[in-house]
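Everything below concerns the one structure shown next.
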Amino acid sequence: MDTKNLSAPPHAQSRIAGDKHRKGPNFGGLTHDNTRHTTRFTVIGNHLAQHPELSGLAIGLGVHIQSLPSGARVDIKTLAARFPEGATRIAAALRELEAHGYLRRARERVPGGRVVTRTVSCNQPGRRGEDVPAHPAPPAATPEKREKPERRAPRKPLPAVPRPACPAPALLQAATDLLVDLRRHDPRLLLSACDTAHLAPGIAAWLERDVSPTAVRHALTSDLPPDGPRRPAALLAHRISAQLPPPPPFRAPAQPPGIRQPLQNCDGCERAFRAPEPGRCRDCRSDLPTAA
């Protein structure tokens, strides 16, 4: 950077020829106080830094873009956020650089289907491919063959679950609430709406057999695999069917209070008494053991 190029003029050439009326040695002008760069520097050609037709903003943007690494964003929005000039002036400066060959912009479609703008910075316009630029542009994306997605085997249906003898709406709602509440006790037992509708009749069959909701919840959530079930709904369906408790013992319904039995005629004394079936009254039934 500090080596002088003898072929380059010491300063930018003026559009107008030098003043012919000025005579004598020139004691004014620019003096360089240079220090050799060893890190964090970029080689910029004088053809850009002293371009006779580019504006100062275009030259500054060209120098800034050539100093950036590959993959940096150089769109108008990003540059407008970096510099105080507005988006309109920056867009005009980029068009200047593009017109003089310092930028090439093209819209390409990437493999994912998105359309992106590819920007290539040229440090020597007109010599494309001869020299390796300081920051080589990324290679153009080559169209890749899209592999057909593998067809996954259809998921096996859930195992069948028992059905309640009397599927009352209130019973099914209680079973659904119990299934939805399982995720509060174990987040791994989060069920979809379809799986919940499939398992609800099985839980209703448990509740119908006088099993408390706490006992049902314990049977479903205890001794789960350490890594969690791969398919929670299938595991619950298996447990609902395999661990279904037996029906409760038969209990004769209690006689509701306040119901009067019909009148019957005693076979022994012809006296009327109340009983569900014909036969002997209480006195006649007590006399039989005494007579015997």
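Leaving out ligands, DNA and RNA but keeping every protein chain, what accessible area does D223 have, in Å² rounded to the nearest 10, with a 1.4 Å probe?
140
Residue-wise, which Karplus ³J(HN,Hα) couplings in Hz belong to the range 194-199, taking 6.51 cos²θ - 1.76 cosθ + 1.60, θ = phi - 60°, and x for glycine or proline?
5, 5, 5, 5, 6, 8
Give me the number: length gained by fully extending K156 to R73, i.e. 0.36 nm times residue separation minus the C-alpha to C-alpha distance, one decimal in nm.
Gain on extension, K156 to R73, equals 25.0 nm.
What residues qualify as long-range amide H neighbours of C266, i.e. H under 5 Å apart, gap of 5 or more or another chain, H built at 1.01 Å from N?
Placed amide hydrogens put R271, A272, F273 under 5 Å from C266.
Mind pulling the per residue volume of the convex hull built on the Cα atoms of the range 174-265? Å³ is fine.
136
For the range 95-100, just list the computed ³J(HN,Hα) in residue order, Karplus coefficients 6.51, -1.76 and 1.60, θ = phi - 60°, integers in Hz, with x standing in for Gly and Pro.
Ordered by residue, 3J(HN,Hα) equals 5, 4, 4, 5, 5, 9 Hz.
Leaving ligands, DNA and RNA out of it, report the carbon-plus-sulfur percent of the accessible area of the range 171-251 at a 1.4 Å probe.
56
Work out, step by step, the length gained on full extension between H47 and A81: first 0.36 nm times the residue separation, then minus their alpha carbon distance; give nm to one decimal.
Extending this stretch completely gives an extra 9.5 nm.
With only alpha-carbon pairs counted, each pair once and no self-pairs, how large is the Kirkwood hydrodynamic radius of the range 199-242 in angstroms?
Hydrodynamic radius (Kirkwood, Cα only) of the range 199-242 equals 11.0 Å.
Per residue, how many Å² of accessible area does the range 71-113 show with a 1.4 Å probe?
Result: 65 Å² per residue.
Mind listing which chymotrypsin sites (Phe, Trp or Tyr not before Pro) in the range 20-119 are in a DSSP loop and have 13 or fewer other Cβ atoms within 10 Å?
Those that pass, being in a loop and sparsely packed, are F27, F41.
Using a Förster distance of 25 Å, how high is the FRET efficiency between R95 and V115, based on the Cβ-Cβ distance and rounded to 0.05?
E(calc), rounded to 0.05, equals 0.75.
Could you put L68, L190 in order of accessible surface area, largest first, with the 1.4 Å probe and the full protein assembly present?
Sorted descending by solvent-accessible area, the residues read L190, L68.
To the nearest 0.05, what FRET efficiency results for D33 and T88 with a Förster distance of 41 Å applied to their C-beta separation?
0.65
Take the alpha carbon atoms of the range 207-250, find their center, do the same for the range 63-123, and report the distance between the two centers in whole angstrom.
64
The values are calculated or read from the model by the stated rules, or taken from the named source; none is laboratory data. Worth saying up front: this structure is predicted, and the values here are computed from it rather than measured. No Cβ is skipped: glycine too gets one built from the backbone with ideal geometry, and neighbour counts run over all protein chains shown. These accessible areas exclude ligands, DNA and RNA; they are computed on the full protein's heavy atoms, side chains included. Shrake-Rupley method; radii C 1.70, N 1.55, O 1.52, S 1.80 Å.
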